[in-house]
Each structure stands twice: as C-alpha cells, then as structure tokens.
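Asker: Attaching a single structure in structure tokens format; questions to follow.
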Amino acid sequence: MNEDLISKKELLDMTGISYGQLYRWKRKNLIPEQWFIRKSSFTGQETFFPREKILQRIDRILNMKDDLSLDALADVFSPSPGEVSLSVGEILERNIVTTISLNLYIESAGAPAQPEFSFEKMLIIYVLDKMLRSGDISLEEGRLLVRTLEAHFPERTGRECGVMLTRKMGVVAFMLVPGNGEIYMDSEVRTVVKLSMAQCTEELKLWMGGSEG
Amino acid sequence: METACRTGGVFGKVSVTGDAEFNGSIDCLSLKSTGNIKVDGSLRSGILKATGDLKIEGGLTVTKMSLTGEIQVKESISGEDMKIFGTCTVKNGIQTDQFKLKGAVQSEGMLNAEVVEMVLIGKSNAAEIVGTRIDIHPFGVQKWVPWLRMGGTPELEVQVIEGDVISLENTMADTVRGGKVSIGPGCRIRLVEYSKSFHQDRRAEVVENVRLMED
C-alpha cells in the first residue's frame, strides 16, 4: 500500500503549489478530507495522499481553474448528485450514453415514473454504458449490474463507493465497496472491472456540463 | 429573568436581547444578539453579530461573523469572514477565509483559513493551524496593564503550523512548515522547515531548522 502514497512535502515539490493553495482547495472541498492520511514518522507527524488520485486532481484543478471558479470546480468534484434531469431524447441527443445501454436499463429497471431521468438514474446508466462499451461485461451481466446498483446505491453504500465485477470459475458477482476501500479475495477470483462511483459522477457532470463533450 | 425558549426553524432576521434558548437547529439570514444564546442543534446564518455567550450543540455555518464574548461549538465552524473578540471553543475544526481573533481559541481540530490573525490573550490551543498567511502575536497592552494577565502569559500551543507566510510569537509548536517563516520572541519550536526564508529572534527557541531545497 505504501508505494501508492505520496507525502505532502513531495506533492508540493512535484506540483509546485503552496501550502496556501493546498489548504484553500481543501477548504473549498476540491480535495476530500479522506485523502489527507496522517501517519507518524520519525520526523514527527506527516500527511500523505493517495498518489494517483491527488496528482490527477491537482492537475485537473490547475488546468481548469482559469475557466471555472473554485466553487464551480467544487461542484464538479463533489460526489453529491447534480440537480439536472434529462429526458430520453436529450440523453441520446447529447451522446451521453448509447441506445443499447439505455434500452437495457429501461428493460431491467422498468421505465421511469417521470418522463425524465434524474441524475441518480443517469449515473447508473452511465456506469452500465461504460462497462458495456469497454466490453468487460455482457448484456446479461449488465442487467445484474443495474439491479445491484438500483438496490443498494447510494442509500446503503454512500456515494464514495467502488463497483467491482469479479469472476470465479465462470461465475460472476458484482460488489459494491463502500468508501472505495480495498478488498482481498482468494487467488482464483479475477477482478474484471473496478470503477469508482465518485469518479463516474465527476465524469458524468463534466459530460453534462458540456466541457468535455 | 426567565429565558425565552422556542423551537428552531427557518427565519429571516433574528434578533435577541436577553437570554434565549432554541430547541432545534436554526437557519436564518441574520442573527443579531445581545445576551446569551443556546442552540440545541446547528446554527446557519448569513450574518452573525453577537455580544455575549453563544453555545451551539451542533455545527456553525456563517458567512460573516463578528462576536464579542464567548462562543462554544460542539461540532465544527465554517464560514468566510470571522472576527472574534473573546474566546472561541470548538470541538472539531474551523474553516474560513478570514479568521481574526483577539482572545483565545481552543480547538481539537484543524484551523484552516486563508488569513489567520491572532492576538493572544490567555492560553490558546489547537491541533493544527494551516493557511496562506498566519500571524500570531500576544496582546501588547498586557505589558503595561498587569490585571489583564489574569489568564496567565498569552501563549498558543499547537502541534503543526503550515502556511506560505508565517510570523509567530509566544507559540509552542512541534513543527512549523512554510515558505517564509519568522519565529519571534517567546516561541518554543522543535522543528522548522522552510523553503524561502527563515528568521529567528534571539528570545526564541528552535531546536532544529531545515531549509527545503526548491528545484
């Protein structure tokens, strides 16, 4: 686990940002509290971060901060759902997900009560679409994914949650990992896909905001 | 005098003269008070202007706050502009853009602010103080007016201070990390790590100072 962490000193050195900036972003919720990992070392207490996540996040903040205000950025990075809802037509028109995924979703979860999909529902379709497109799952497994997410996300798992697809001897299982923690399984279990819901939320928001579209 | 008691809720402008107790959280545009207020829940307000004691069982969220007296918060404080003349006791951390205090602060969490200006009266402590500019010094008049020393020598005890520009007096800290660091009289610090400049008063005690190389 150690090689995945970066110390604060190293981080500031690598990215060229100052303490002030780092803590300003933390205050504005651009960097989640959970990423600040405190450990005691021989030089006293040190703070570490998950290396990949923080470097990617800082890179994105630095790239986007000229175009968006810090509050708007915080909105993009926040794992809470956006306020928008879109109709079937709009979703397809804006190329957010493919028709196949949308149909599969409607087929397995039933057509929504309102004519529009809430952000919550779109997030599930988005995750489904992502996995289908990458070729990691079959349509049948897609149905299972939709049922799993519909049943447990986000009420029971929280929004910072990981989705995993594992196979063992040809048997599939979806797992939702609250807090996006690590889990360890026997060596015959193969992890096929692992996605972070928080990251998907972020991507979907950017898609819908149009800045990546 | 009896204490006015009412349930919390959503309000426009709240003004209190005398004592008041709220059984529940308050969400309002502004709260102005003279006297003692107790909130059995959280307080969220645009503007908070108070003289007297303020006891909040939950968290405090406020855009602009100016307080003379004592404030106790069970959870955390977050805001933008805070001025406190008196003491501030908070269980968790404080997050704000501006934090200006004349008096004492007691926090078991992190004080995170763009600008921290503290004029110490009596004893203060915090787990961590972080921000862009951090300025801590004792209240000057104490030298001339002895009765103001009732709370003992003004001092701040903190584990870690991190900021871009740091200027300290009467501060006991384990580690201070920053760009420009100036350690004034009355400080006792184990380790200073700096990247741009370091200055130490001869009446200060710093066990070790390290310059971090910038590429």
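Asker: Within the stretch B:98-113, which residues are open to solvent by less than 40 Å² (accessible area, probe 1.4 Å) and either away from chain A (no Cβ under 14 Å) or assigned to a strand (DSSP E or B) (or both)?
Answerer: B:Phe99, B:Leu101, B:Gly103, B:Ala104, B:Val105, B:Ser107, B:Met110, B:Leu111, B:Asn112, B:Ala113
Asker: If a residue has to be open to solvent by less than 10 Å² (accessible area, probe 1.4 Å) and free of Cβ contacts under 8 Å to residues at least 40 places away in the same chain to count, how many in the stretch A:125-138 make the cut?
Answerer: Final tally of qualifying residues: 3.
Asker: Mind counting the residues in the stretch A:3-24 that are more than 11 Å from every other protein chain (Cβ to nearest Cβ) and open to solvent by 50 Å² or more (accessible area, probe 1.4 Å)?
Answerer: Summing the residues that are more than 11 Å from every other protein chain (Cβ to nearest Cβ) and open to solvent by 50 Å² or more (accessible area, probe 1.4 Å) in the stretch A:3-24 gives 2.
Asker: Out of the residues in the stretch B:154-182 that are of a type in the set (Ser, Thr, Tyr) and open to solvent by less than 10 Å² (accessible area, probe 1.4 Å), which is farthest from B:Gly140 (Cα to Cα)? Break it down stepwise before answering.
Answerer: Restricting attention to the stretch B:154-182, the residues satisfying the condition of being of a type in the set (Ser, Thr, Tyr) are B:167, B:171, B:175, B:182.
Now drop any that are not open to solvent by less than 10 Å² (accessible area, probe 1.4 Å), which leaves B:171, B:175.
Working: B:Thr171: 15, B:Thr175: 25 Å.
Among those that are of a type in the set (Ser, Thr, Tyr) and open to solvent by less than 10 Å² (accessible area, probe 1.4 Å), it is B:Thr175.
Asker: For B:His199, only one of the following conditions fails: (1) in contact (Cβ under 8 Å) with a residue 24 or more places away in the chain; (2) more than 20 Å from A:Gln21 (Cβ to Cβ). What is its number?
Answerer: All conditions pass for B:His199, except number (1).
Asker: Among the residues of the stretch A:25-41, is there at least one that is open to solvent by less than 20 Å² (accessible area, probe 1.4 Å), in a loop (DSSP other than H, G, I, E, B) and among the aromatic types (Phe, Trp, Tyr)?
Answerer: yes
Asker: Let me confirm something: among B:Lys13, B:Lys49, which residue is among the charged types (D, E, K, R), within 17 Å of B:Met82 (Cβ to Cβ) and touching a strand residue (DSSP E or B) at 6+ places or on another chain (Cβ under 8 Å)? Even if it seems obvious, please write down each step before you answer.
Answerer: Details: B:Lys13 fails: within 17 Å of B:Met82 (Cβ to Cβ).
Unique residue meeting the criteria: B:Lys49.
Asker: Separate question: Of the numbered conditions (1) modelled with pLDDT of 90 or more; (2) in a strand (DSSP E or B), B:Arg6 satisfies every one except a single condition; which is it?
Answerer: With (1) modelled with pLDDT of 90 or more; (2) in a strand (DSSP E or B) applied to B:Arg6, the lone miss is (1).
Asker: So which residues in the stretch A:95-118 are surrounded by 14 or more Cβ atoms within 10 Å (Cβ to Cβ), under 22 Å from the mean Cα position of the chain (by Cα) and part of a loop (DSSP other than H, G, I, E, B), if there are any at all?
Answerer: Passing the criteria: A:Ile96, A:Val97, A:Thr98, A:Ser118.
Asker: Residues being modelled with pLDDT of 85 or more and open to solvent by 30 Å² or more (accessible area, probe 1.4 Å): count how many of those fall in the stretch A:42-51.
Answerer: So the count comes out to 2.
The values are calculated or read from the model by the stated rules, or taken from the named source; none is laboratory data. Since the structure is predicted, the reported quantities are computational estimates derived from the model, not experimental observations. Neighbour counts are summed over all protein chains in view; Cβ atoms, including those assigned to glycine, are modelled from backbone coordinates with ideal geometry. Ligands, DNA and RNA are stripped out before the accessible areas are found, and what is left, the full protein with its side chains, is counted by its heavy atoms. Shrake-Rupley method; radii C 1.70, N 1.55, O 1.52, S 1.80 Å.
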